[in-house]
Structure formats: structure tokens, C-alpha cells
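Structure first, then comments.
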Amino acid sequence: MSQTLKDLQEAFAGESQANRKYLAFAKKAEEEGYPQIAKLFRAAAEAETVHAHNHLRAMGGIKSTKENLESAIKGETYEFESMYPPFIANAKVEGKTDAERSFIWANEVEKIHARLYKKALDEIGKNASVDYYVCGLCGNTVEGEPPDKCPICGASKQRFKKID
């Protein structure tokens, strides 16, 4: 692997993390009554997304939709089969219940994502229209109407956000 490809991968990871961190910072600024600072964090987060997408394109990471679905299935499967189980075990041993819960929730949702991507791959080109909702507490992703109570974290139906 070339040094430039390694650099692109590192830059992509850093920009992606900055985007998510700045969005979390914006949410906190809003909660604390600083709307202008929240707006600045959201603007910077959007710029970080532009950077991340540029890096991903430069390293050839965006392919056909079919190939992208296959890549997503592989990534999600890796997370729930290989990545999260030891993270859960480590957090449990260390008594880090918040981290353990966060890992468990993510692990369960990654299984759902892999299934949804597989379904989309199997139905590619059929143009079926379905709504998706995401639980604002654990990230559970559902097709159609959200459940009255999230089966992963127990959040109410109102915590689900419709994705456009």
C-alpha cells in the first residue's frame, strides 16, 4: 500500500470522526442555549463531511451501488461478528457499564444494518419505496413504522426519527 493511500485512509477517518464529534458538540451547545456556537459546529461538521467524501473518492472507495452494498454488508458483519464482541467483554470485565451498553446496542443494530443492506442488494432495481426510522437513543433502524417501544433499548416510539 502506498503512503498516499495510507494518508488518505487516515485523513478520511479523522475527518469522519471530526464530523460526528462536531455534531455532538452542536447538540450540546443547543442544549446549553448557545445557538450561534451550535451553528458554527454544524458548519464545520459539514465541511468535514466534504473533506471525508473527497478523500474517500480519491482512494477509490466509492464504487457502484451494488459494490457499495456488498462493502457495507461486509463492514457491518465484521463489526457484529468480530469487533464488538471483545469490546463488550472488555467493558464488562472493567465494569464500564455505559460503554458496555453502548457496544451492545451498536452490536445489535449492526446486525440489522447488515440485514437491511442484504435485502436492498437482493431487491436492487425493484425501486420499492419504504420509510426508515432510527431510534435516537440506540440507533435501531427499522423499516416502515417504528415500534411503540424499541426492542433494543426500550425507548418510546417518539424517540424514532424518520429518515428522508
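No value in this document is a laboratory result; all are computed from the given coordinates. Values in this document were obtained by computation on a predicted structure and should not be read as measured data. Because the Cβ atoms are built from the backbone with ideal geometry, glycine has one as well, and the counts that use them run over all protein chains shown.
Each Lys and Arg Cβ is given +1 and each Asp and Glu Cβ -1; about its Cα centre, the chain then shows a dipole of about 140 debye. Simple point charges give the picture: +1 on the Cβ of Lys and Arg, -1 on the Cβ of Asp and Glu, and for the range 3-58 a dipole about the Cα centre of about 80 debye. Taking amide H as placed 1.01 Å from N in the peptide plane, the amide H of MET59 sits under 5 Å from none that are at least 5 places away or on another chain. Ordering LEU116, THR4, GLN17 by Cα displacement along the dipole of the chain toward the positive end leaves LEU116 in first place; charges were set at the Cβ atoms of Lys, Arg (+1) and Asp, Glu (-1).
Under 8 Å for C-alpha pairs, at least 6 residues apart: give me the relative contact order for the chain, rounded to a whole percent.
On the way: 177 pairs, mean separation 25.7, N = 164.
Computed value for the chain: 16 percent relative contact order.
With Cα atoms defining each centre, the range 94-122 and the range 1-52 are spaced 23 Å apart in the structure.
Going from the residue with the fewest nearby Cβ atoms within 10 Å to the one with the most, ASP164, ASP131, ASP98 rank ASP164, ASP98, ASP131.
From the P(r) of the chain, could you give the percentage of C-alpha pairs in the tail past 23 Å? Walk me through the intermediate numbers first.
Details: 7456 of 13366 pairs.
The answer is 56 percent, as a whole percent.
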